[in-house]
Amino acid sequence: MSSRIITLPNLLTIFRMALIPVFVSLLFYQRFVLALASFVVAGITDGLDGLLARRFQQQSPLGRILDPIADKMMLVTSFIVLSMKGVYPTAIPKHLPIPFWVTITVLSRDVFILVGAAAINMVTGFRGFQPSLPGKISTVVQIVAVATVMLAAQTRVGTGYYLPTVYAGVFALTLFSGIHYVFFVSRLINKSGAAPPS
């Protein structure tokens, strides 16, 4: 049991979770370049843990649980903190911080999926939840948006031209992926033969 818990992929995932307070601290001290670097390191470890788990056959139930949790913790924390005026310089660049309606859309989608999955599991016993393609695309766009906002806070050049487009893209893809996931999970349940929720 311990050999399936203490694996290199799981240690990388835990390291990624440990980077979150470092990332937040750097943002509050307005060290946007270093914050972006820590964000990139977290992204690299995200890719590495999956690669190493497959390469050395170190997949584990704990890893399958921790990996998406670490990803969501980093993204959700990023959007929440970057929505606060206090992390930006006194002269805040145009279209910063991240608008509340963008952040609440990102948070609401994740809460909706989490609560929905828990309810379906309790009613039907279904556990075969999988990420959808729109969900993956939405996550990539959110990651790019977080990186773009940190660069905008550092450079403060032309933020009025591209940030509104970034926000609109995050909002539209997050909303669409959340709605799509309802039908996606319905198809998974039908294929598995699990009893549909009442």
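Observations on the structure shown:
Listed here are the residues, each with its yes/no results for (1) modelled with pLDDT under 90; (2) under 13 Å from the mean Cα position of the chain (by Cα); (3) basic (Lys, Arg); (4) within 28 Å of residue 37 (Cβ to Cβ).
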| residue | (1), (2), (3), (4) |
| --- | --- |
| 98 | no, no, no, yes |
| 102 | no, no, no, yes |
| 109 | no, yes, yes, yes |
| 117 | yes, no, no, no |
| 125 | yes, no, no, no |
| 138 | no, yes, no, yes |
| 148 | no, no, no, yes |
| 167 | no, no, no, yes |
| 172 | no, no, no, no |
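- Under the condition of being surrounded by 17 or more Cβ atoms within 10 Å (Cβ to Cβ) and either of a type in the set (S, T, N, Q) or outside any loop (DSSP other than H, G, I, E, B) (or both), the residues counted in the stretch 69-86 number 9.
- Residue that is nearest to the chain's Cα centre (by Cα) [pool: residues in the stretch 50-60 that are assigned to a helix (DSSP H, G or I) and touching a residue at least 24 places away in the same chain (Cβ under 8 Å)]: 50
- Flag for residue 23 being in contact with a Ser or Thr (Cβ under 6 Å, 6 or more places away or on another chain), closer than 18 Å to residue 145 by Cα and either crowded, with 16+ Cβ neighbours inside 10 Å or outside the structural domain of residue 114 (by TED's automatic domain parsing) (or both): yes
- Qualifying residue in the stretch 21-43 (condition: more than 16 Å from the chain's Cα centre (by Cα), modelled with pLDDT under 85 and either more than 23 Å from residue 130 (Cβ to Cβ) or among the aromatic types (Phe, Trp, Tyr) (or both)): no
- Test result for residue 63, surrounded by fewer than 16 Cβ atoms within 10 Å (Cβ to Cβ) and among the small types (Gly, Ala, Ser): no
The values are calculated or read from the model by the stated rules, or taken from the named source; none is laboratory data. No experiment lies behind these values; they were computed from the predicted model shown. Glycine gets a Cβ as well: all are built from the backbone with ideal geometry, and neighbour counts include every protein chain shown.
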